[in-house]
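Quick notes on the structure that follows.
The values are calculated or read from the model by the stated rules, or taken from the named source; none is laboratory data. Since the model is a prediction, treat every value here as computed from it, not as a measurement. Neighbour counts are summed over all protein chains in view; Cβ atoms, including those assigned to glycine, are modelled from backbone coordinates with ideal geometry. Areas reflect the complete protein model, heavy atoms only, side chains present, ligands, DNA and RNA absent. Shrake-Rupley method; radii C 1.70, N 1.55, O 1.52, S 1.80 Å.
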Amino acid sequence: MVGRAAPLELETLLQIYLSTPCDDNLDYEPHIGHSLAIEVGNNIKFGVAVSVNAGALATNSSAFSYRLGLRNYLRGYIGHGRDVQALKQSLSDIYATAKESPGMPLPETGPSLREVIELLQSATQQVVADAEADRELARLLVWVPLALFDESVMRAATHMWTTLIVERADVEVLIMVELTIAWTWLIQQHLGLFSQRFEPKNPFAAKMSYTPSDKSARSRGYAVISRSLNPQTLLIEFLLQRFDSVKHLSSVNFNVVNAILRILQVSFANCDRITTNALARGPLFMFVHLGFKMLKLGFERSAILESKLRDGLYKMAFRWFAQPPRWSFSGSKATLAREIQILIDTRHTIKGDTPV
């Protein structure tokens, strides 16, 4: 259950456990706890769980082993000293360049995405290792991936943010606050769900022809739209997992709850900017699902807040169904399966919504 609700946090905890030296095992003999941890880590599934052919989903074994080895390597590398100011300057330069053209590739003269991810990974372990967390470096760890708005960088960033929150609880507030600010910035920049570039056209606006559809052109169009939506989908998944990891705690983690509430409120105010492209169906209803899960927390002390939250969620959901019916699954069966599961989960959550 933990693997489904918060796989990012589970993987981080397993890495910490496997990296912690064991005083009673100096001969490095086989350890059943380590064996079980590796087995669990290899079988973690990220993203929305689906009940389709499990063989179609690759295991996490290579990625888990790589991230575990990289974590230990970077810890040792930092232990031998590193110019933190040079690391900050490199990330600041990348952020300044990316912010000029958000969501666009970096110039060819700049670092590659792989080099950017390596810098971010080094910065993450630097913040974790420091006696006092470097808040400027932590902010760059949030803003550089969002300014680049690239799927591979965002995927790596969600792992790094989780590592920071788990290993350095004192930076959780900073990360969640920066994410709320960044969400508003994404709206202002018309990125992701709030992009207006991919609005569906009226089918009667094009001249009718009897030639076969150009599948390659359609695939290229799907790829462009997916590149715009996938980074925000990963961001919503991160927020959903953070909420799932704290909702069962005896004391509510208001850092996460307040951040998600703020993000929901800003999105309600800009609901008319949300794209109605068919490929936005998955991330949109994942976001709606997150909102309805928030409602289950209960707002007995603030009935007005609960009412506004519920009203905004229903308006956001019904706005989608107010559009003419359309269907598209981007040619990816795995994506289609995830979207169907998201819609099923959202339906079950809404059925359980009982206003006070």
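Phi-derived couplings, Karplus 6.51 cos²θ - 1.76 cosθ + 1.60 at θ = phi - 60°, listed residue by residue for segment 89-103: 5, 4, 5, 5, 5, 5, 4, 4, 5, 5, 5, 5, 9, x, x Hz, with x used for Gly and Pro. Computed over the chain with a Gaussian network model linking Cα atoms closer than 10 Å, the most mobile of Ala223, Ala131, Ala278 is Ala131. For the options Asp214, Asp93, Asp244, a Gaussian network treatment of the chain with springs between C-alpha atoms closer than 10 Å singles out Asp214 as fluctuating the most. Summarising the amide proton neighbourhood of Phe149: residues at separation of 5 or more, or on other chains, whose placed amide H is nearer than 5 Å comprise Gly103. A simple spin-label model places the labels of Ala334 and Ser213 2.3 nm from each other, with each point 7 Å out along Cα-to-Cβ. For segment 223-240, 3J(HN,Hα) computed residue by residue from phi via the Karplus equation (6.51, -1.76, 1.60; θ = phi - 60°) reads 5, 5, 5, 5, 4, 7, 8, 4, x, 6, 4, 5, 5, 5, 4, 4, 4, 5 Hz, glycine and proline entered as x. P(r) for segment 247-323, from all Cα pairs and a bin width of 10 Å, is 17, 52, 25, 7, 0 %, short bins first.
Seen from all directions on average, segment 123-269 presents a Cα convex hull projection of 11.4 nm². Model label sites at Trp185 and Glu100, defined 7 Å from Cα along the beta-carbon direction, differ in position by 1.7 nm. Computed over segment 75-130, the P(r) curve from all C-alpha pair distances, binned at 5 Å from the origin, holds 4, 17, 28, 23, 14, 9, 5, 1 percent per bin. Rounded to the nearest 500, the helix-only mean residue ellipticity at 222 nm of the chain stands at -21500 deg cm²/dmol, with each DSSP H run of n ≥ 4 adding -39,500 (n - 2.57). Extending 7 Å from Cα along the Cβ direction at Tyr77 and again at Ile16 yields two label points whose distance is 2.3 nm.
If you take the alpha carbon atoms of the chain and fit the smallest convex hull around them, that volume is 175 Å³ per residue.
Using 0.36 nm per residue and subtracting the Cα-Cα separation, the extra length available between Leu113 and Asp170 on full extension is 17.7 nm. Working note: Karplus 6.51/-1.76/1.60 with θ = phi - 60° gives segment 268-284 the couplings 4, 5, 10, 4, 5, 8, 5, 5, 9, 4, 4, 6, 7, 4, x, x, 4 Hz, where Gly and Pro are set to x.
Residues Leu18, Leu36, ordered by accessible area of protein heavy atoms at a 1.4 angstrom probe radius and largest first, appear as Leu36, Leu18. With bins 10 Å wide beginning at 0, the percent of Cα pairs of segment 199-293 falling in each bin runs 13, 36, 25, 15, 8, 3, 0.
Just tell me the longest site-free run in the chain, where the sites are chymotrypsin sites (Phe, Trp or Tyr not before Pro) in a DSSP loop having at most 14 other beta-carbon atoms within 10 Å.
29-209
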